[in-house]
Amino acid sequence: MAVRTERIVTQDLSVGMYVSELDRPWIETPFPLQGFHIRNDDDIRQLQAWCQHVYIDRELSTGPLEPVAAPVSRHRVRGAIGKFTPVRYTATQTLKQEVVSATLYHREVTRAVVHLLNDLRAEKGLNLRVARKAAAVMVHSILRNPDAMVWLARLRDRDSYGYAHSIRASILATVFGRHIGLPKDVLENLATGVLLMDIGKTRLPRSMLTSPEPLSPEQWALMREHVQYGVDLLQHSSGVNDQMLAVVQYHHERHDGSGYPFALSGGEIPLLARIAGIVDTYDAVTSERPWAPARTATEAVSVLYELRDTGFQSTLVEQFIQAIGVYPTGTPVELSTGEVGVVVAQNPSRRLRPQVMVVRDRAGQALERPRILDLMNVQQDAEGQPLAVAGCLRAGRVTLDLGNLQINAA
């Protein structure tokens, strides 16, 4: 079989070539994640500024050129953000400082989403202004320090999976978008879209949504209709834009074309919808649902990792794991010493060595004064043995009241 791709230095690029791979992760550059045709000399100059070499698909480099953001699908894919220059965000507040404000913001977002869903169930229509304001508040906090909102997202309400799931997923999507450098306005559209991605379910029988039994083929067909119901609600609301709509319409599409409703694949799926699909799946499998027990954070990461290049784009899965860590903030963990703690902050350069608040000793007794261990700085325990996170604690193994823990981390 002939090799389709060819490595070429950027000084030798010409208009019409199809760039299929870079010499660095796509997400670190302003280029589309799925590859693109070189349209003009400006594209060449930008590639030369970012890369030493790239890989060219020789077959796709022949024939008429497509616009960079154009889908290959017969369906019109809306919401592509085109090229963007990644924004480098830095935390401007410590976790301890931000969690105070974030707690108030989280309550405001929760009230807004509950109000919005109740209105929809009462057929009062969608108040998009409320959703956009809630998303803006969330983005504001996450830009200052992403760990605070992720901590609050761990305070799960077992009786309200429906609305709490959309809030948690929106938080995770915003943290992910911040990590890859999406501009602030795009982050707000992403957060709003994820908050609203399941609003179509308000038109489905509640008994079906809460049933502990597996859905029948007829019920599953009806469940899939929630996507179009959600699109209909958004299209009849003023203030909606294509990026928000794309999240709602395409968050169940999958990289290999196995998703719904249009069986789009790869770059046909808008970036924000690809992000939404990942966070939707991650939060679902880490949540207690009527038909499935919650998995630990590390198990959920394994699920996503197994779905690389089938369910989800490999690059985005890897970036998502980098964004939230293998042990996300708020995750109960057991240390190699047998002590129990809670992850309170990430160390971006070493995701396996977060900051942990130790709350129980190795005998399982609660500490009067929990202490913070920064595993980046503390490599050994008191006996000189290697100190590390042994693993996540499964729900029910130990009871920790995250809401009453006082965060003292930096």
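Criterion applied to GLY259, GLY277, GLY341, GLY266 was being closer than 28 Å to GLN228 by Cβ, crowded, with 23+ Cβ neighbours inside 10 Å and of a type outside the set (A, V, I, L, M, F, W, C), and the one residue passing it is GLY277.
With respect to the conditions (1) farther than 18 Å from LEU172 by Cβ; (2) in a loop (DSSP other than H, G, I, E, B), HIS252 lacks only one, and its number is (1). The single condition among (1) closer than 29 Å to ALA164 by Cβ; (2) of a type outside the set (Phe, Trp, Tyr); (3) out of contact with any His (no Cβ under 6 Å at 6 or more places or on another chain) that ALA323 does not satisfy is (3). Against the criterion of being among the aliphatic types (A, V, I, L, M) and modelled with pLDDT of 90 or more, VAL398 does not qualify.
Between GLU334, GLU318, the distinction of being modelled with pLDDT under 90 and either open to solvent by 20 Å² or more (accessible area, probe 1.4 Å) or among the aliphatic types (A, V, I, L, M) (or both) belongs to GLU318 only. In region 281-315, of all residues being under 30 Å from ARG206 (Cα atoms) and small (Gly, Ala, Ser), the one that is modelled with the highest pLDDT corresponds to GLY311.
Every residue in region 224-249 that is over 21 Å from ALA263 (Cβ atoms), part of a helix (DSSP H, G or I), open to solvent by 10 Å² or more (accessible area, probe 1.4 Å) and not polar (S, T, N, Q), please. Selection gives LEU233 alone. Does any residue of region 346-356 turn out to be among the aliphatic types (A, V, I, L, M), under 17 Å from ARG154 (Cα atoms), at pLDDT below 90 and under 25 Å from the mean Cα position of the chain (by Cα)? No, the conditions are met nowhere in region 346-356.
Checking each residue in region 255-278 for being part of a loop (DSSP other than H, G, I, E, B) and touching a strand residue (DSSP E or B) at 6+ places or on another chain (Cβ under 7 Å) picks out only HIS255.
For region 128-219, the helices (runs of 4 or more DSSP H) that sit wholly inside it and include 3 or more residues that are buried (at least 24 other Cβ atoms within 10 Å of the Cβ) are 128-144, 146-153, 161-179, 184-196. Just a yes or no: is a residue in region 291-304 part of a loop (DSSP other than H, G, I, E, B), in contact with a Phe, Trp or Tyr (Cβ under 8 Å, 6 or more places away or on another chain) and either open to solvent by 40 Å² or more (accessible area, probe 1.4 Å) or without any contact (Cβ under 8 Å) to a residue 24 or more places away in the chain (or both)? The answer is no, given that none of the residues of region 291-304 is part of a loop (DSSP other than H, G, I, E, B), in contact with a Phe, Trp or Tyr (Cβ under 8 Å, 6 or more places away or on another chain) and either open to solvent by 40 Å² or more (accessible area, probe 1.4 Å) or without any contact (Cβ under 8 Å) to a residue 24 or more places away in the chain (or both). Picking from residues in region 88-127 that are open to solvent by 60 Å² or more (accessible area, probe 1.4 Å) and within 19 Å of the chain's Cα centre (by Cα), the one that is modelled with the lowest pLDDT is ARG88.
The values are calculated or read from the model by the stated rules, or taken from the named source; none is laboratory data. Small disclaimer: the values here were computed from a predicted structure and weren't measured. No Cβ is skipped: glycine too gets one built from the backbone with ideal geometry, and neighbour counts run over all protein chains shown. Please note that ligands, DNA and RNA were not included when accessible areas were found on the heavy atoms of the full protein model with its side chains. Shrake-Rupley method; radii C 1.70, N 1.55, O 1.52, S 1.80 Å.
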